[in-house]
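These notes concern the structure reproduced below.
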Amino acid sequence: MRKQDVDYSLYLVTDSTPAILGTKDICQVVEAALKGGVTCVQYRDKKSETGALIGTARKLHAITKKYHVPLLINDRVDVAMAVECEGVHIGQDDMTLATARKSLGQDAIIGVTVSTLEELDTACRGGADYVGIGTVFATPTKDDTKHIIGIEGVQQMLFYLSSSRSKVKSVCIGSINAANASQVMWQSMAKQKTLDGVAVVSAIVAAEDPEAAAKDLARLIKTPPGFAKHVKAEEQYRSAEILELVPEIIRAVHEKKPLSHNMTNLVVQNVAANVALNVGASPIMANYAEEAKDLAGLGGALVVNMGTVTPEGLENYLKAIKAYNEAGQPVVYDPVGAGATEVRRSATKRILGAGYLDVIKGNQSEIVSCTPGGARLQQRGVDSGPPGTDYDVAKLSGAVRDLATLRKNVVVITGTTDYVSNGKTVYAVGNGHEYLGMVTGTGCCLGTTVSAMVAAYPQDKLAATVAGLLHYEIAAELAAERDDVRGPGTFVPAFLDELYHIRMATVQGDLAWLKRAN
Ligand code: 3NM
Ligand code: MG
């Protein structure tokens with residue numbers, strides 16, 4: 001077997017502790033896992049004496065050879081040499097890569113654990129064959145994990161491997177299992193660069209039936225997750241093409257009357273429900289996540305608005321996002337005040353790590369807080385940007401595009417001009433009225449509007465989001481210009497009227513309102 005040809009897609013790391021292995025026999029577990037489809041095996045045993053290690057490694061090697069799968073030994077170059085297996089895996093606290101290479105030679109496979117970009121860089125330059133990126137999610141299996149890096153951390157590593165045109169292979173590790181394998185593989189992709197596989201311990205070793213568990217995982221890592229089915233990150237648009245789709249999208253909402261499931265803050269419940277009704281959706285304000293599975297089955301979209309986040313609320317958001325992801329239904333995330341407090345920063349991080357968010361919508365500082373580098377920015381209230389920042393147009397459109405590229409979704413920055421991107425095209429919308437900023441909840445209700453659009457028109461979420469923005473902001477202009485509107489107070493009911501009128505006009509083929517799009 002040439003080491004360039006090794007398949008890392010389902011990488012099994014063994015564990016001999018009773019808590020994970022139970023009373024099973026390690027060799028039987030490995031053989032069952034190989035039958036199920038494991039493509040690479042690492043023998044990891046931190047406790048046994050050298051003699052026992054060599055004895056077990058020999059037996060394992062006889063088994064892996066039957067399946068033409070490489071056997072690597074964790075840490076112990078001496079054991080690998082004694083049994084003449086295919087290589088080793090070394091951690092950051094183990095023997096150096098250079099020393100291992102010197103002992104084992106060029107043909108041996110040497111993998112290195114990395115959890116930071118510096119470690120990755122060192123491993124690549126040092127001639128590692130593959131890297132084990134971790135720890136993705138907190139795991140009880142390894143008691144000395146240093147960094148929990150999440151899917152975004154994995155993605156940053158893949159960005160690095162992609163930009164440096166590295167040939168080093170990669171797997172990720174840390175609580176990967178059947179529930180998240182497909183999501184991790186798919187969502188960590190950066191610039192077309194994907195992980196070569198996932199590494200698991202307990203998902204196979206602790207399973208009652210390791211063969212079935214391996215079989216399941218082998219299938220899942222090759223299957224895109226349900227929520228990926230409508231993602232078209234590669235789409236490139238001209239403005240005119242999106243505008244042509246707007247009436248069709250508004251009509252789709254009118255005809256399908258999609259559910260808009262809002263997990264939103266205390267301030268906007270009522271007005272958000274009214275906005276949903278008037279753009280043609282069917283609102284439900286349901287903050288209890290146990291309902292999410294049933295609601296996700298009704299074909300609508302979820303809005304997670306963290307305007308009044310609480311510990312219990314956060315757990316509900318995470319569960320609901322999972323339910324919608326599993327059902328393949330869209331999620332709109334509104335990171336209200338994301339940079340304002342430590343609680344919100346950490347809630348944002350957990351929500352971003354919880355699953356796929358089809359649309360992220362926020363003001364400048366909220367969106368910046370969702371970017372990997374933006375977490376430390378201090379934001380003042382929920383309605384203001386961080387002090388001393390002067391975002392220019394290039395920066396804003398760059399920020400939406402970068403975040404959308406990273407997350408393979410649609411990102412909206414609202415402001416005097418709104419910027420919307422799917423990672424390729426950045427679309428600017430200049431509509432709206434200052435009254436929208438003078439009453440509470442209007443930003444949040446835009447999230448509700450967008451949820452209706454993406455639920456009714458999931459095949460093109462960029463166009464659906466733009467349609468939502470135009471419907472919403474042109475309604476605000478029309479309302480503000482009415483003779484009976486004298487300020488923010490009279491504006492709100494007029495705004496609901498105009499949302500309704502735009503929908504009905506569009507359904508009847510009257511598109512005069514859309515001429516205001518700019
Ligand atoms: N290395 P499970 S995490 C062996 O982050 C190991 O480097 C890790 O076990 C790292 O799949 C880990 O049961 C244990 O969560 C992974
Ligand atoms: Mg180690």
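Read-outs: derived from the displayed coordinates by stated rules, not from any lab. Just so you know, these numbers come straight off a predicted model, no measurement behind them. Every residue, glycine as well, gets a Cβ built from its backbone with ideal geometry; the counts of neighbours run over all protein chains shown.
Things worth noting here:
- Long-range tail of P(r) for the stretch 166-209 (Cα pairs > 12 Å, %): 62 percent
- Placing +1 on the Cβ of every Lys and Arg and -1 on the Cβ of every Asp and Glu, with nothing else charged, gives the stretch 3-224 a dipole about its Cα centre of roughly 500 debye.
- Think of the chain as a dipole: +1 on every Lys or Arg Cβ, -1 on every Asp or Glu Cβ, centred on the Cα centre; then among 331, 197, 427, 197 lies furthest on the positive end.
- Scattering curve values for the chain, log₁₀ I(q)/I(0), Debye with Cα scatterers, q = 0.11 Å⁻¹: -0.91
- For the chain, the longest principal axis of the Cα atoms and the long axis of helix 269-279 meet at an angle of about 80 degrees.
- Amide hydrogen proximity for residue 265: with H placed 1.01 Å from N in the peptide plane, the residues at 5 or more positions away or on another chain lying under 5 Å are 307, 308.
- An ellipsoid equivalent to the stretch 98-151, defined through the eigenvalues of its Cα gyration tensor, has semi-axes of 24, 12, 8 Å when rounded to whole angstrom and sorted largest first.
- Nearby lysines by direct alpha-carbon distance to residue 46 (threshold 20 angstrom, same-chain neighbours under 8 apart not counted): 24, 59, 142, 146
- Max-minus-min Cα coordinates of the stretch 3-224 on each principal axis give 43, 39, 32 Å, with the largest extent listed first.
- Start at zero, step by 5 Å, and the Cα-Cα distances of the stretch 240-516 spread as 1, 6, 14, 18, 21, 18, 13, 6, 2, 0 percent across the bins.
- Lys/Arg +1, Asp/Glu -1 at C-beta; the chain dipole; positive extreme among 33, 439, 133: 33
- Dipole moment magnitude, nearest 20 debye, the chain about Cα centre, only Lys, Arg, Asp, Glu C-beta charged: 1080 debye
- Its Cα centre serving as origin, the stretch 240-516 has a Cβ charge dipole (Lys and Arg +1, Asp and Glu -1) of approximately 720 debye.
- A dipole drawn for the stretch 240-516 from +1 and -1 charges on Cβ atoms has a positive end, and of 454, 272, 247 the residue lying farthest that way is 454.
- Too-long pairs where the Cα-Cα distance tops 21 Å, listed order kept, from 349/408; 361/515; 215/349: 361/515; 215/349
- Between helix 50-66 and the chain there is an angle of about 70 degrees, using the helix long axis and the longest principal axis of the Cα atoms.
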